[in-house]
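The values are calculated or read from the model by the stated rules, or taken from the named source; none is laboratory data. Only a predicted model underlies this, so the values are computations on that prediction, with no experimental measurement involved. Cβ sites come from the backbone with ideal geometry, for glycine too, and all protein chains shown count toward neighbours. Ligands, DNA and RNA are excluded from the accessible area calculation, which covers all protein heavy atoms including side chains. Shrake-Rupley method; radii C 1.70, N 1.55, O 1.52, S 1.80 Å.
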Amino acid sequence: MPLRTIRLELARNAEFPEGSPARGYEFRAPLTDDGTLDHDGWRGVRESCTVRRFWDGEPDEKGFLIHTRGKRWMFHYDHPGEVDDHDDPIFRFDRHHFIEGEYVSITEHDGEQRTFRVVSVR
């Protein structure tokens, strides 16, 4: 199953009227022909489905794209000794088409849901 590298950057909002290319996520995942996440394909390559959260002024966080028993997609980060409050649930991730120019909503560490734009799929 070939993996794609998807880059998401913060979309425009009140704080960043032009968005921010210095805030976002880059992750690897298998996609179907129409650009949606391939859950069956993910099962066979889940260890390779990594994520990097980059945020200006903060160190990068690295983790994995996971699918929970509750059928939710999340970015999971390993923070030894901490509660899993650093996981980032992704709103309707299974319904999104990862095509340049599309938008995705992610609930961040601080509990705020932010919108990100798909800037590249390679």
* Asked: Which of the residues spanning the stretch 59-72 are over 12 Å from Cys49 (Cα atoms) and buried (at least 18 other Cβ atoms within 10 Å of the Cβ)?
  -> Glu61
* To do: Look at the stretch 99-122 and say how many of its residues are open to solvent by 60 Å² or more (accessible area, probe 1.4 Å), out of contact with any Gly (no Cβ under 9 Å at 6 or more places or on another chain) and touching a residue at least 24 places away in the same chain (Cβ under 8 Å).
  => 2
* Within the stretch 73-84, considering residues that are open to solvent by less than 100 Å² (accessible area, probe 1.4 Å) and under 18 Å from Thr50 (Cα atoms), the one modelled with the lowest pLDDT -> Asp84
* Structure fact -> All conditions in (1) open to solvent by 20 Å² or more (accessible area, probe 1.4 Å); (2) at pLDDT below 90; (3) touching a Ser or Thr at 6+ places or on another chain (Cβ under 8 Å) are true of Asp88 except (1)
* **Positions within the stretch 12-30 being open to solvent by less than 40 Å² (accessible area, probe 1.4 Å) and under 24 Å from Gly41 (Cβ atoms), in sequence order** => Gly24, Tyr25, Phe27, Ala29, Pro30
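Restricting attention to the stretch 1-34, and to residues there that are hydrophobic (A, V, I, L, M, F, W, C) and part of a loop (DSSP other than H, G, I, E, B), which single residue is farthest from the chain's Cα centre (by Cα)?
Only one residue fits best here, namely Ala14.
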